[in-house]
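**Student:** One structure coming up, written as structure tokens, with questions to follow.
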Amino acid sequence: MKVIEKIIKYDDYNYVEGILQFKAYGRKTKDLLHSEYFSIDNISSVRLEIEQKYLSPQLPPGINKNKVSTLALPDKIPTIIDGDYSKPFGIIYDEIIVDDAYVDSNHNIIGPRFNSTKNGSDLNSTIEIKVYGLIKIAKERVETEIQFEITTIVHGNGRIEVHPLKDSYQPGDVVTIIAVPEMNGGFNSWRDNYTIYPQKFDLTIADEDITIEADFKTKIKPSSFKGSNLERGKNFWESTSFTNRSLGVEAIGCWEILGYAFSALFYGAILILLLLLFGRVLLVLAVIGLFIWLLSLIPIRIFSWRILQWIIGLGFLILLLNGGANFVQSFNTYRSNHVKEKIKTVIPTKEIENENTTIDYVHHVKWKDYDSIPYEIDLVINSDLVKNATNYKNSQPNITSEASYTNLLSNLYHKAKKDDYVRVLQKLDSIRLTNNIEKTHFAEVMVSMVQTIPYYAIVEKSCNPFSYQDSMIRELLLKKPCEPNIRHGIKAPAEFLMNLKGDCDSRTIFLYGLLKSRGYDVVIFGSQKYKHSVLGIALSSDMPHFKIINNKKYYLWEVTGKNYIPGKLPTQISDLNYWELNLN
């Protein structure tokens, strides 16, 4: 990853408004019935008295920046500030702009004249006009751009080509990856996340560095030479023998001996993997099988049960093969979903840098409510709010009980309710007013918006499903994209708004605060058995899934899938005995 800094140079436009006074010298140019026109050939005794200041980015009201003065003004104009005529400042203005009221349609100055003196057609007099003085202040700001790198690693005789080839790439750039083998070789496969890709494929740069590894195979030509040394080596590998009567094993030739050694390592590796996958149950079975197999090593004259040994060995082999098949299936599912996660289309994040160097994270969301009425909205959150929310959440104590979890939810809600929802609620209120949405329907509009956002598992540790013994967590991580290393395994509302990646309780705490702020009576329910969190809302309904809290019905509302209405849970989590109140 590279952070590229760009220096942007710009000017701050600052204006002053005031009365420009000068002595003008000229000649009569036109004589009308009620007026005379005089030219302004030269001027002197210039003075500007400031009445108002406008600092960037303010503009004087009604200013016409095209009415730049054509007067031959001095470079440095004496300027009166705060009515102090004793200390005029000599200020250099970038432009003097005349107010529209003092310029006619032909761009002639029409200000009042004082102390005029005529000499035939010549005239000199003092003129006062309203002007705006522009002062440009050169500034610069630093913009940072994060770009990502592609690293290629080759195994074998070949090379990896990247087109176009650059030092770094912006997110969204598309590159072409090609595996090019040498003349005497061939392309075997890609490694890691790219094993299913062809020899040439296009790749879209995401928000991370990319490492691509390729395996190449070498075509070996048959050897055409013979000799006594070669023959002796061949005889050695073919004639070497190994015998163990207690094990019932006799191997002829080094290749066969190596085959037995490789088999032992192979089955040992499978056993370790199965232990990691299936835990203590398989360990107990393996210990029993090992004990029985060790009994079979007793000499036949002491304990003879060769037939039983073969039966047990066959059963143990079936167990290993079944476990291996389950492992391959689980790994393929994980790899398939992991690749899908890389190329999964998510709601793109637009980052807008503000003048105070903070960033606004903007997501344009389109969705339909339960009546298929379409809506769209820009969800916006500032980087300072995200940072404050993250620091506050990370400072909370570890979750050790239901009470500590409830306390965490309550703290996150009270931290977020003051500032984090302001801009989102402004947008939602605009939708409500524009579409004349009544209160119950408005709750459905807000929840259906969150239901539309793709689900992300949020975990405190690794996203690798094989790191967890719990089958429900492993199954979830095999099927869903994941964001790792999130403190407490939950996101505060501002963190959720930053990238719209959230699981069940990240969504329920976000919606809890959103609905609370608009007067809805909502709660949060949680289930240890289902390892899930749902919203609860008090309203009139005839749906079957509700819990009574303080003599009031709260209808359970699933928020991680589309089109779930309040009071109607998915069948697999619909047993109400397993749902408890987390936050009221």
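The values are calculated or read from the model by the stated rules, or taken from the named source; none is laboratory data. Just so it is clear, the model here is predicted, and its values are computed rather than measured. Because the Cβ atoms are built from the backbone with ideal geometry, glycine has one as well, and the counts that use them run over all protein chains shown.
**Student:** In contact with a Lys or Arg (Cβ under 6 Å, 6 or more places away or on another chain) and either outside any strand (DSSP E or B) or within 28 Å of Val3 (Cα to Cα) (or both): is that true of Ile160 in this structure?
**Tutor:** On the way: in contact with a Lys or Arg (Cβ under 6 Å, 6 or more places away or on another chain): no; either outside any strand (DSSP E or B) or within 28 Å of Val3 (Cα to Cα) (or both): yes.
So Ile160 fails the test.
**Student:** Hey, another quick one. Mind checking which residues of segment 123-149 are of a type outside the set (D, E, K, R) and either touching a Phe, Trp or Tyr at 6+ places or on another chain (Cβ under 7 Å) or outside any strand (DSSP E or B) (or both)?
**Tutor:** Scanning segment 123-149 gives Leu123, Asn124, Ser125, Thr126, Ile127, Ile129, Tyr132, Gly133, Leu134, Ile135, Gln147, Phe148.
**Student:** Here's something else I'd like to know. Does any residue of segment 520-531 turn out to be closer than 28 Å to Asp470 by Cα, acidic (Asp, Glu) and in the same structural domain as Asp429 (by TED's automatic domain parsing)?
**Tutor:** no
**Student:** Only one residue in Leu583, Leu576 is surrounded by 21 or more Cβ atoms within 10 Å (Cβ to Cβ) and either farther than 19 Å from His441 by Cβ or touching a residue at least 24 places away in the same chain (Cβ under 8 Å) (or both). Which one?
**Tutor:** That would be Leu583, the only listed residue that is surrounded by 21 or more Cβ atoms within 10 Å (Cβ to Cβ) and either farther than 19 Å from His441 by Cβ or touching a residue at least 24 places away in the same chain (Cβ under 8 Å) (or both).
**Student:** If you go through segment 512-534 one residue at a time, how many are under 18 Å from Ile548 (Cβ atoms) and in contact with a Pro (Cβ under 8 Å, 6 or more places away or on another chain)?
**Tutor:** The total comes to 0.
**Student:** Please go through segment 401-454 and pick out each residue that is without any contact (Cβ under 8 Å) to a residue 60 or more places away in the chain, β-branched (Val, Ile, Thr) and closer than 14 Å to Leu515 by Cα.
**Tutor:** Across segment 401-454, the qualifying residue is only Val422.
**Student:** Turning to a different aspect of this structure: If you check Ser39, Ser45, Ser56, Ser69, which single one turns out to be free of Cβ contacts under 8 Å to residues at least 24 places away in the same chain and either among the polar types (S, T, N, Q) or buried (at least 16 other Cβ atoms within 10 Å of the Cβ) (or both)?
**Tutor:** Values: Ser45 fails: free of Cβ contacts under 8 Å to residues at least 24 places away in the same chain; Ser56 fails: free of Cβ contacts under 8 Å to residues at least 24 places away in the same chain; Ser69 fails: free of Cβ contacts under 8 Å to residues at least 24 places away in the same chain.
Unique residue meeting the criteria: Ser39.
**Student:** Restricting the search to segment 516-537, which residues are of a type outside the set (Gly, Ala, Ser), crowded, with 19+ Cβ neighbours inside 10 Å and more than 20 Å from Ile458 (Cβ to Cβ)?
**Tutor:** If the condition is that a residue be of a type outside the set (Gly, Ala, Ser), crowded, with 19+ Cβ neighbours inside 10 Å and more than 20 Å from Ile458 (Cβ to Cβ), then Tyr520, Val522, Val523, Ile537 are the ones that fit.
**Student:** Same structure, new question: Please work out if Ser69 is among the small types (Gly, Ala, Ser) and over 46 Å from the mean Cα position of the chain (by Cα).
**Tutor:** Working: among the small types (Gly, Ala, Ser): yes; over 46 Å from the mean Cα position of the chain (by Cα): yes.
Taking the combined requirement at face value, the residue satisfies it.
**Student:** Which one is farthest from Val380 (Cα to Cα) among residues in segment 485-533 that are in contact with a helix residue (DSSP H, G or I) (Cβ under 7 Å, 6 or more places away or on another chain) and assigned to a strand (DSSP E or B)?
**Tutor:** Per the stated criteria, the residue is Ser527.
**Student:** Looking only at segment 353-395, count every residue that is within 24 Å of the chain's Cα centre (by Cα) and outside any strand (DSSP E or B) and tell me the total.
**Tutor:** From segment 353-395, those within 24 Å of the chain's Cα centre (by Cα) are 353-368, 375-395; that's our starting set.
Remaining after also requiring outside any strand (DSSP E or B): 354-358, 383-395.
Of the residues in that region, 18 qualify.
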